[in-house]
Amino acid sequence: MPPSPAPLAAAMTGGKPFALIAREPDTVELLTGDVIDVELLGDIPLHGSDGAPHEVLALVPFRQVRERGFACHDDGAPLRCLIVRDHVVLDRAAVMRALPSETIPLEDAGFDIADEEYADIVRRVITDEIGRGEGANFVIRRDFTAAVSADPVATALTWFRALLEHERGAYWTFAIVTPGHIAVGASPEAHVSAHDGAVTMNPISGTFRHPDGGATAETLSEFLRSTKETEELFMVVDEELKMMSAVCSDGGRITGPHLKEMSRLTHTEYMLTGRSGLDPRDILRETMFAPTVTGSPMQNACTVITRHEQSPRGYYSGVAALFTPRDGGDASHDVDAPILIRTAYLQDGRLRVPVGATLVRHSDPYGEVSETHGKAAGVLGAIGAVPRDNAPTTAPDEDAPVAAPRPLAEDPDIAALLRSRNERLAAFWIEPQDADGGPFQGRRALVVDAEDRFTTMLAHQLRHLGLDATIAPWSEVTDTQVAQAELVVFGPGPGDPRDPQNPRMERMRQVIALRRETGRPLLAVCLSHQILADSLGIDLGPLAEPHQGVQKTVPVFDGAASIGFYNTFTARVPAGTTQVGEAFVSADANGDVSALRGPGFASVQGHLESILSRDGMTTLERLVAHSLADA
């Protein structure tokens, strides 16, 4: 039996830092200790001066993306660590009885960015960023703010109690109280966890706001059939598989999709699993941060966020990471890290609730405005700061509570709709991957990363085919490496391949030209395919509509292939063209080039590594075999 909440009373009145975390249905965890701020993830103190491991709860701000060399508005938000001295498990019902329940009044409440201004930002991102090949999707936030005059600790405890009572389906419900800063939230999404070497990520996307009276199978079915919502989820799964492939030796495997049913919102989600021997701080660094709250490709998403968001993010889209010593005395740690979304922040008497919408090529600006309103209302309603949605909580005779509704995921039609999504996806990332040596056992490949970590997935597939694949960033790869590697795979990346002022494009043109001069095997993907085509005298141009997260069946020499596309530009030949100089061409009816091959080289416009590429592995094997055989 969990102890009484006496430790909670001490924490509430002691003026010391503490955290309340609800991860299980019937309990609440109370963590107390000392706070220190550190600069880098590697500085998180997982061990004491005597070398003994201890537990740490870290609040990781968005500005930590600087550790990966990514852009951000740097507000100096601290990487705050609660060094846990005491960790007790309390009975949830007893905790709720001990917490205050008065309404906390808000003053001067509203969004920091007006609706019409936010709609204009959406239009600019679609036109200037997605429309120019800078990426597939981007999350741009706005903040709901208000003045709060009530005592900060009492406010945090009141809101935490309200979340326990009125929100369901959260991964973590929490209140973290540290000097000068309070965070209270109900995050639906685990970003990353690692337990005994098993790594899990949980991409969630698509937001269905429940209508008055609650969600039904009929209203949810319409949402699940939405092309925008479906493709949005596939894009974030691709982006998180990039991260999994970077930290897990087995590349990661997806299961799902599932529904994440909360009180006012329902999301769709997948689970990604793999194995890693990395330090949990390194896992956290390599997975900063979730594409569901940033965009893809990740590095360019951070640049786009910096261009279009007007203020720093603080902790929004960062994580709360609980590092726990493993049993067994080996001084290693597990980590459990939910994303800091659906969270209210209180600092200097001001409430801030950041919310964002995922912008894709066919986003409706006013629909995205509405989504931010819905997300903010979900948090504010749950904490009782605004009227809650109408939902019956008692039977008509008011004498007995209504039975909990059956999860919508159990509805046969809903379950069938969810299962049907996987029919479009690559079996390679869903089914157990074979452990055989692969057809290219003993061969070596250098993969050049052009600022899209799809290269981590591509390298994993190459290893699965037997190649010893290593990755080098475009800015660090040397001419000698490019010239001497047995096979060079030039990867995808964002941007306009025709841009003469872009240093990345210029360097990619140089190394592709250098490799062609050697006559040694090369394979080019997406952006690099376009640059290769340009070097062969094939015209480049923008698509009428960007193909970001689109699945297409296209000709690839010996047959058609179902492949995922993330491109805004294309190589284009006159319809019916099958050869340009020494290159043989596969193109669609419009002349858009899907693949090239010639002496010692091959290229493809689509992403064979994407979960959208049902024929990705077989096509990759054919193109690699051609490059190596004809060198």
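Applying the condition of being exposed (fewer than 13 other Cβ atoms within 10 Å of the Cβ) and of a type in the set (Gly, Ala, Ser) to segment 428-465 and asking which residue is modelled with the highest pLDDT yields Gly442. The criterion of at least 2 residues that are without any contact (Cβ under 8 Å) to a residue 24 or more places away in the chain is met by the following strands (runs of 3 or more DSSP E) wholly inside segment 485-599: 539-555.
Glu309 is checked against (1) among the acidic types (Asp, Glu); (2) within 26 Å of Thr173 (Cα to Cα); (3) modelled with pLDDT of 95 or more and fails just one. What number does that condition carry? Every condition holds for Glu309 apart from (2).
Is segment 190-213 home to any residue that is free of Cβ contacts under 8 Å to residues at least 60 places away in the same chain and in the same structural domain as Gln347 (by TED's automatic domain parsing)? Don't jump to the end; show me each part of the working.
Start the filter on segment 190-213 by keeping residues that are free of Cβ contacts under 8 Å to residues at least 60 places away in the same chain, which leaves 208, 211.
Filter once more, so that each one left must be in the same structural domain as Gln347 (by TED's automatic domain parsing): 208, 211.
Yes; the residues of segment 190-213 include at least one that is free of Cβ contacts under 8 Å to residues at least 60 places away in the same chain and in the same structural domain as Gln347 (by TED's automatic domain parsing).
Within segment 506-524, the set of residues being out of contact with any Ser or Thr (no Cβ under 7 Å at 6 or more places or on another chain) and of a type outside the set (D, E, K, R) comprises Gln510, Val511, Leu514, Thr518, Gly519.
For segment 357-399, give me each residue that is outside any helix (DSSP H, G or I), of a type in the set (Asp, Glu) and modelled with pLDDT of 85 or more.
Of the residues in segment 357-399, the ones outside any helix (DSSP H, G or I) are 357-364, 383-399.
Still in the list and also of a type in the set (Asp, Glu): 364, 389, 397-399.
Selection gives Asp364 alone.
Every residue, every condition in (1) surrounded by fewer than 18 Cβ atoms within 10 Å (Cβ to Cβ); (2) assigned by TED's automatic domain parsing to the domain that holds Gly606; (3) out of contact with any helix residue (DSSP H, G or I) (no Cβ under 8 Å at 6 or more places or on another chain), yes or no:
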{"residue": "Pro473", "(1), (2), (3)": "yes, yes, yes"}
{"residue": "Leu487", "(1), (2), (3)": "no, yes, no"}
{"residue": "Ala533", "(1), (2), (3)": "no, yes, yes"}
{"residue": "Gln548", "(1), (2), (3)": "no, yes, no"}
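In the set Asp449, Asp468, only one residue is of a type in the set (D, E, K, R), within 30 Å of Ser535 (Cα to Cα) and in contact with a Phe, Trp or Tyr (Cβ under 7 Å, 6 or more places away or on another chain); that residue is Asp449.
Taken over segment 43-74, the criterion of being over 22 Å from the mean Cα position of the chain (by Cα) and surrounded by fewer than 16 Cβ atoms within 10 Å (Cβ to Cβ) is satisfied by Asp43, Pro45, His47, Gly48, Ser49, Asp50, Gly51, Ala52.
From the list Val84, Val89, which one is in contact with a strand residue (DSSP E or B) (Cβ under 9 Å, 6 or more places away or on another chain), in the same structural domain as Arg23 (by TED's automatic domain parsing), closer than 23 Å to Pro45 by Cα and of a type outside the set (S, T, N, Q)? It would help to see each step written out before you state the result.
Numbers: Val89 fails: closer than 23 Å to Pro45 by Cα.
Just a single option satisfies the conditions, and that option is Val84.
When segment 50-67 is filtered for residues that are modelled with pLDDT under 95 and either under 25 Å from Thr303 (Cα atoms) or in a loop (DSSP other than H, G, I, E, B) (or both), the ones remaining, listed by number, are Asp50, Gly51, Ala52, His54.
One residue stands out in segment 195-232 among those that are at pLDDT below 85 and in a helix (DSSP H, G or I): the one that is surrounded by the fewest Cβ atoms within 10 Å (Cβ to Cβ), namely Thr227. Scanning segment 236-293 for residues being of a type in the set (S, T, N, Q), touching a helix residue (DSSP H, G or I) at 6+ places or on another chain (Cβ under 7 Å) and in a loop (DSSP other than H, G, I, E, B) gives a total of 3. Residues that are farther than 21 Å from Leu82 by Cα, touching a residue at least 12 places away in the same chain (Cβ under 8 Å) and among the small types (Gly, Ala, Ser) do occur in segment 298-321, at least one of them.
The values are calculated or read from the model by the stated rules, or taken from the named source; none is laboratory data. Computed from a predicted structure; not experimentally measured. Cβ: placed from backbone, ideal geometry, glycine included. Neighbour counts: every protein chain shown.
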